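One structure below.
The values are calculated or read from the model by the stated rules, or taken from the named source; none is laboratory data. Being a predicted model, the structure only gives us computed values, none of them experimental. Reconstructed Cβ throughout: ideal geometry from the backbone, glycine too, with neighbour counts over all protein chains shown. Only protein heavy atoms, including side chains, enter the accessible area calculation; ligands, DNA and RNA are left aside. Shrake-Rupley method; radii C 1.70, N 1.55, O 1.52, S 1.80 Å.
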Amino acid sequence: MSEKATPDDITIQRAVKVLSDGGIVAVPTETVYGLAANAADATAVARIFEAKGRPSFNPLICHVASMGMADRYVQSSPLAKRLMEAFWPGPLSLVLPLRPDADLASAVTAGLDTLAVRMPASPLMLELIQATNSALAAPSANASGKISPTTAGDVANSLGERIDMVLDGGPCSVGLESTIVGVDDDAITLLRPGSVTAQMIYERCGIMPSENAFTDITAPGQLLSHYAPDAAVTLNVSKRVADSFHIGFGNCQSDYNLSPTADLNEAARKLFNALHAANASGKPITVSPIPETGVGIAMNDRLSRAAADRTAS
Ligand code: TXA
Ligand code: MG
């Protein structure tokens, strides 16, 4: 993977102009690359759905530059504010009641009365939000149902000419999409695991998120088959098998090792890159067992969706 790249000021200004003029720009966040549009601009938001081939019933996460900015869009309970204080800026998205007067294109929420908000840690993304002075709606910058992008090259391969611009900020540092939680007055529901784990939330807030991912909130990102490579994916394979592409973890023979030293954070950062490489090989894909602990929980979530029966969804 290439070293961290920082776009120059002229390139950033061009991205701001494209966003202000109703364009769509792929931007690096600390999690994965997002496909951003001004969340108040209905035409620009519609272009996100079109470029990704995303079903219109699947809502988008809005990215804000501060807790104060989140207040323009959602109603936050004291518990929600505690979570924001503990984990923002960073890879935690909160699903909260939408403010009726929020300046948002209705397609962003897909008609729900809730909105997912997050303040990303990426300085570049924060700069773009501040310059646009609007939340940026941004799903992952991949064709719907396909592998998420962690480099500018991944975005170009998946979306190519369908978008106005890609800002190359180098590979993403976390590499997995944000944790998503639903928050009530005194309860937290884990809707998508990520690098902010349920245990970390418990340690900071004293409330253990319930693991029931299937409340009344359902969305394609939570459906079984997702992150789908073209070839079959088999999980928990300890040894490399002839004629397949093995994604290894720890000390083992592999075609792509997520972390020879069995470091889960390194492995999470490289997971989607490994799936892209495996996909490009055209071979059936096998994956080493990943420990079900820390960020390994989120990795196994993504892997099980990559391996799921495509006809099931
Ligand atoms: O790290 C991330 O979250 C990345 C970066 C770009 O910020 N974004 C991302 O967006 O992963 P996307 O659209 O690929 O995944 C967002 C997930 C989808 O499964 C969507 O259905 C769900 O969040 N979602 C969005 N709004 C929701 C809502 N109001 N209620 C429940 N789920 C929601
Ligand atoms: Mg996605």
TODO: Name the residues whose placed amide hydrogens come within less than 5 Å of the amide hydrogen of A228, ignoring near sequence neighbours (fewer than 5 apart) on the same chain.
DONE: K146, I147
TODO: Report, in whole Å, the centroid distance computed from the Cα atoms of region 91-158 and region 166-183.
DONE: 10
- [ ] Can you send over the solvent-accessible area of E30, 1.4 Å probe, protein chains only, in Å² to the nearest 10?
- [x] 20
- [ ] Using amide H atoms built 1.01 Å from N in the peptide plane, name the residues 5+ places from A105, or on other chains, whose amide H lies under 5 Å from its own.
- [x] A40, D41
Open item on the list: If the reach is capped at under 19 angstrom between alpha carbons, list the lysines near K146, excluding any in the same chain fewer than eight residues apart.
Closed with: K52, K270, K283
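Ignoring ligands, DNA and RNA, what percent of the 1.4 Å accessible area of the chain is carbon and sulfur?
Numbers: 6680 of 13110 Å².
Roughly 51 percent of what the probe reaches on the chain is carbon or sulfur.
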Open item on the list: If each residue of separation counts as 0.36 nm, what is the full-extension length gain between D309 and D8 once their alpha-carbon separation is subtracted?
Closed with: 104.0 nm
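Compute the length gained on full extension between Q199 and S106: take 0.36 nm times their separation in residues and subtract their Cα-Cα distance, giving the result in nm to one decimal. The partial results should precede the final answer.
Working: separation 93, 0.36 × 93 = 33.48 nm, distance 3.41 nm.
So the extension gain works out to 30.1 nm.
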Open item on the list: Cut-off under 16 Å on the C-alpha distance; same-chain residues fewer than 8 positions from K239 excluded. Which aspartates and glutamates are left, in chain and number order?
Closed with: D255
Task: In Å², nearest 10: area of D164 left accessible to a 1.4 Å probe - done: 70
TODO: Find the centroid of the Cα atoms in region 1-51 and in region 290-311, then give the distance between the two in whole Å.
DONE: 28
- [ ] Mind giving me the nanometre distance, one decimal, between the label points for D21 and L235, set 7 Å out from Cα along Cα→Cβ?
- [x] 4.5
Open item on the list: Can you tell me what percent of all Cα-Cα pairs in region 3-211 are more than 27 Å apart?
Closed with: 24
Open item on the list: Restricting to Cα pairs below 8 Å that are 6+ residues apart, what does the relative contact order work out to for the chain? Please round to a whole percent.
Closed with: 20
- [ ] Place a +1 charge on the Cβ of each Lys and Arg in region 1-96 and a -1 charge on the Cβ of each Asp and Glu, then give the dipole magnitude about the Cα centre in debye, rounded to the nearest 20.
- [x] 240
Open item on the list: For region 233-312, what does the relative contact order come out to in percent, with C-alpha contacts under 8 Å and a separation of six or more?
Closed with: 37
- [ ] Mind checking the full-extension length gain between Q130 and A46? Use 0.36 nm per residue of separation minus the Cα-Cα distance, one decimal, nm.
- [x] 28.0 nm
Task: Exposed-loop-free span, longest in the chain, where trypsin sites (Lys or Arg not before Pro) count as exposed if DSSP calls them loop and at most 12 other C-beta atoms lie within 10 Å - done: 5-238
